[in-house]
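The values are calculated or read from the model by the stated rules, or taken from the named source; none is laboratory data. This structure is a prediction, so every number in the text was calculated from the model and none was measured. We place every Cβ from the backbone using ideal geometry, glycine too, and count neighbours over all the protein chains shown. Ligands, DNA and RNA are stripped out before the accessible areas are found, and what is left, the full protein with its side chains, is counted by its heavy atoms. Shrake-Rupley method; radii C 1.70, N 1.55, O 1.52, S 1.80 Å.
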Amino acid sequence: MKHYNQIGYSDILPFGRVGLGFVILLFSLVGISSCGDNGEGEYLLTNTIKIVSQNVSDMPVQASEGTIVVDAPSAIDVIASTDWFTTSVSGKTITVKTTDNTGFEYRSGKITVKSGNDVVDVAVIQRGTIVSVEAHNLYLNDSTANLQIPCTSNYDIKCYTAEDWISCKVGEGVISVSVAENATGHIRSGYIYYGAGAIKDSVFIRQCELEKDLLGDLQLAYLDKNAQTAAFNAKFVASTDTAGITSYALVFTDYNFVIPVSFDEKNLTLSMNAGQAIGKYQGYFVLTQFYDLKNNEITSNEKVSISGQFFYDKDDKATYLEFEDNGSWGNGLSATSLILHAYDAKGNDGGTLAVLHFPYLIRAHKK
């Protein structure tokens, strides 16, 4: 309850000077009441508007309706502080209608109730949208798959996909996802998109099997010293030993060079290191080096590597992996080029066989 015009004895003139009758008349005009028992007799002006009941302080996220019931001695007027809810008055009942809150934050406003000279404010608070989907990326093999992704929300969730090999629908507490068999011979990936109100997100889906979609013939392409595209015929191979450990390599099929590589089958990331002996050419041993084209620096340090991730380009109808510097060289140097350098058995320099600027792997598929 709001109190107005607090008056104490110290604010009233002595009885002897103005008369007792005047004081009684004054009390009847201003309507003050006594509400103190401390012996000093403090008086308060009482607000005549009382909130009998209300259910607008925790409104749901969806558009909904609430009421405020007041007790007032005369007709009431109301003013809304914002436009995401409306009000109407019938007698002493105020109806409040909200719109959907599509944001994730709570929002609040107030209704000012007036009756005569008295005023009362009532807070209107609406919940924000909550969405939880328990999946980020789905890495699948090439087989048909039916998945259920748990989800919760206080708002209606909708989902869709642009891929003809993926379907999705929202059920009770789940998003059901169906993925068709991948018989394309290459990686394929897509998204399901979901949203509730203004909150939107996606789940990445990829189908790939190493042997069917990545291993085998491809080309190691690059720019030569004249900025012309050239390529080595290559093959991506894998072998598993008796202990179950799988090793990977890029084989230059025309020269029988074998470059050991590391490969992450989940992220489809392939890396090669400098300082690797990859075979012999005309009696010379051939090693890998990296070159920084901008700073004119070369390294054979085995701890320095370049990396790339396999992906499929729908427009080119080709599988690519673009090798890039991964920061392992350090000191502000960046590996832009792969060098194949020759040494004799005593470690004497035999010269450079090839410089591959901006190397990348490519496999073209039938269009």
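I'm trying to understand the selection: among the residues of segment 296-315, which are open to solvent by 50 Å² or more (accessible area, probe 1.4 Å) and either without any contact (Cβ under 8 Å) to a residue 24 or more places away in the chain or in contact with a Leu (Cβ under 6 Å, 6 or more places away or on another chain) (or both)?
Those that are open to solvent by 50 Å² or more (accessible area, probe 1.4 Å) and either without any contact (Cβ under 8 Å) to a residue 24 or more places away in the chain or in contact with a Leu (Cβ under 6 Å, 6 or more places away or on another chain) (or both): N296, E297, Q309, K314, D315.
Elements of the type strands (runs of 3 or more DSSP E) sitting completely within segment 264-367 and holding at least 1 residues that are in contact with a Ser or Thr (Cβ under 8 Å, 6 or more places away or on another chain): these cover 269-273, 277-281, 284-292, 305-309, 311-313, 337-343, 349-364. For segment 111-156, residues that are hydrophobic (A, V, I, L, M, F, W, C) and touching a Ser or Thr at 6+ places or on another chain (Cβ under 7 Å) total 8.
Does A230 meet the test of being touching a Leu at 6+ places or on another chain (Cβ under 7 Å) and surrounded by fewer than 18 Cβ atoms within 10 Å (Cβ to Cβ)? So A230 does not fit the description; no. Can you run down the residue pairs with Cβ atoms below 6 Å, 6 or more apart or on separate chains, where the first is in segment 344-358 and over 15 Å from G279 (Cα atoms) and the partner is at pLDDT below 95? Every condition considered, no pair remains. Exactly one residue out of I205, I187 is within 23 Å of the chain's Cα centre (by Cα) and of a type in the set (A, V, I, L, M, F, W, C): that is I205. Out of the residues in segment 164-203 that are among the charged types (D, E, K, R) and either surrounded by 16 or more Cβ atoms within 10 Å (Cβ to Cβ) or in contact (Cβ under 8 Å) with a residue 60 or more places away in the chain (or both), state the one that is nearest to L138 (Cα to Cα). The qualifying residue nearest to L138 (Cα to Cα) is R188.
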